[in-house]
1. Filter the stretch 321-374 down to the residues that are over 23 Å from the mean Cα position of the chain (by Cα) and at positive phi, then identify the one that is surrounded by the most Cβ atoms within 10 Å (Cβ to Cβ).
2. Check every one of the strands (runs of 3 or more DSSP E) wholly within the stretch 232-311 and list those with 3 or more residues that are under 29 Å from residue 218 (Cβ atoms).
3. Which one of the conditions (1) part of a helix (DSSP H, G or I); (2) at positive phi; (3) of a type in the set (Gly, Ala, Ser) does residue 222 fail to meet, given that it meets all the rest?
4. Scan the stretch 324-352 residue by residue and report those that are of a type outside the set (A, V, I, L, M, F, W, C) and assigned to a loop (DSSP other than H, G, I, E, B).
5. If I go through the stretch 188-203 residue by residue, how many of them are part of a strand (DSSP E or B) and within 15 Å of the chain's Cα centre (by Cα)?
6. What are the residues in the stretch 4-38 that are part of a loop (DSSP other than H, G, I, E, B) and either on the phi > 0 side of the Ramachandran plot or at pLDDT below 85 (or both), if any?
7. Among (1) touching a Pro at 6+ places or on another chain (Cβ under 7 Å); (2) buried (at least 18 other Cβ atoms within 10 Å of the Cβ); (3) part of a helix (DSSP H, G or I), there is one condition residue 315 misses while meeting the rest; what is its number?
8. Return yes when residue 42 is at pLDDT 85 or above, surrounded by 13 or more Cβ atoms within 10 Å (Cβ to Cβ) and farther than 25 Å from residue 195 by Cα and no when it is not.
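The values are calculated or read from the model by the stated rules, or taken from the named source; none is laboratory data. This structure is a prediction, so every number in the text was calculated from the model and none was measured. Because the Cβ atoms are built from the backbone with ideal geometry, glycine has one as well, and the counts that use them run over all protein chains shown.
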Amino acid sequence: MDAKLENLLADKTNLERILDSLMEGIIAHDKERKILFFNRAAEQITGYDRREILGKDCHEAFGAPFCGGRCSFCGEPPNSWTNIDYPLNIVTKDGDHRRIEMSVTGMTDDSGCFTGVLAAFRDVTDLVGLQIRLGKITSFAGIIGQDYKMLQVFEQIRQLATNDYPVFITGETGTGKELVATAIHNESQRGGRPFVPINCGALPEGVLESELFGHVKGAFSGAIRNKKGRFELANEGTIFLDEVVDLTKSMQVKLLRVLQEGTFERVGGEETIGVDVRVISAANRDLKKEVEKKNFREDLFYRLNVVPVELPPLRERKNDIPLLAEEFLRQASEQGQKTAGLSKQALAIMMDYPWPGNVRELQNAIHYSLFKCKGKMIGAEDLPLEMKESRSRRGPTRKLKPEMVREALRLTGGNKAKAARHLGVGRATLYRFLEDFPVSHETVVSQ
């Protein structure tokens with residue numbers, strides 16, 4: 001390095017000027033969380049002035065761990081550090097919610113001992129929001145999708161990341177309710193803390209109570225030790241109650257108490273235990289109808305259903321089938337199950353199939369087809385039998401006529417994906433029709 005440049009960087013004032021010129025926010029603190037540096041971009045993004053930040057414990061300065069549940073300095077300071085990158089939702093000094101991308105690097109002294117961390121972050125709030133609104137995004141928070149209904153779900157996940165309200169997710173079996181619950185947790189300030197799922201319909205009442213609230217030694221036959229329940233395990237994190245509609249009346253009462261008071265007792269125990277847990281629940285049946293039938297408590301329903309999120313079935317978001325299939329093939333390839341891809345004929349059958357099992361059924365169909373094709377391109381003959389039979393039974397999804405297609409293209413500005421939805425057919429069906437009966441339209445946009 002040039003001696004002049006080396007001297008320039010070694011000078012603290014000059015180094016601060018360089019860091020202040022960056023577009024990224026920079027914050028550094030030692031192992032005891034004492035803030036050592038806070039640049040101009042960090043001030044602009046967070047709304048905090050460096051004069052009220054420097055020298056303070058970062059938890060004291062920002063009112064809570066800046067990195068939420070991902071904070072590695074909440075207990076004893078670590079003795080080493082592995083560099084990490086992650087998205088994060090923060091609250092500024094003015095109360096605004098911002099999404100940032102954080103990169104945290106460990107700092108060491110001359111002897112190589114870990115002394116603290118330096119975090120670089122940039123504000124991507126407007127960028128992510130714009131990508132979602134324009135449909136320029138194919139996945140968000142680990143969920144694959146580009147259909148406008150899924151974009152609405154993505155936007156809801158973003159909004160839910162900035163609060164701690166209970167969420168109730170509805171959707172058919174296989175639509176990905178647990179995946180969405182996980183995304184809401186990971187995007188929130190609780191991300192990095194425990195995410196604990198439990199299927200309320202898969203266990204008998206006696207077992208379920210012990211699973212949810214734990215038990216003490218000797219509470220029943222087989223209780224040979226004290227055991228924490230899912231609520232305790234989820235403390236400071238999120239519990240996901242799947243198929244909550246299957247809870248018995250007595251279990252509904254006990255759950256209601258936890259939601260109202262944040263306390264419970266283990267089975268057979270007398271100690272009252274308090275927890276700080278966000279509750280996300282889900283069902284594949286209409287919970288409101290169960291309330292009307294007196295099968296589900298109305299007061300519990302309103303406690304759970306503060307923010308409803310509805311997941312569309314795969315047959316209503318068929319434009320996402322190629323994306324999902326590609327992702328499942330990529331995952332399989334990483335596990336050594338390689339293939340030459342998916343043929344047009346196979347994809348066309350997939351686009352016409354009604355998918356009663358939704359995304360889970362699609363994933364299973366891909367796995368089956370990989371087994372059948374033996375490394376070659378997946379053809380129509382490699383698909384599960386019910387998919388091939390369904391197409392032969394159903395025949396064409398809908399009889400299309402040139403004038404119908406021309407009008408749909410005109411109404412949608414030439415967008416073929418939107419035109420297919422308008423016509424009530426799969427995108428592949430519309431493409432095949434256009435190959436056989438070309439329809440001219442001056443504003444057709446290739447999709």
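1. By that ranking, first place goes to 341.
2. Qualifying strands (runs of 3 or more DSSP E): 263-265, 272-274.
3. (1)
4. Here is the first cut: in the stretch 324-352, the residues of a type outside the set (A, V, I, L, M, F, W, C) are 326-327, 330-331, 333-339, 341, 343-345, 352.
Residues satisfying the conditions are 335, 336, 337, 338, 339, 341, 343.
5. Selection size over the stretch 188-203: 5.
6. 11, 21, 22, 33
7. In the conditions (1) touching a Pro at 6+ places or on another chain (Cβ under 7 Å); (2) buried (at least 18 other Cβ atoms within 10 Å of the Cβ); (3) part of a helix (DSSP H, G or I), residue 315 misses (2) alone.
8. Against the criterion (at pLDDT 85 or above, surrounded by 13 or more Cβ atoms within 10 Å (Cβ to Cβ) and farther than 25 Å from residue 195 by Cα), residue 42 qualifies.
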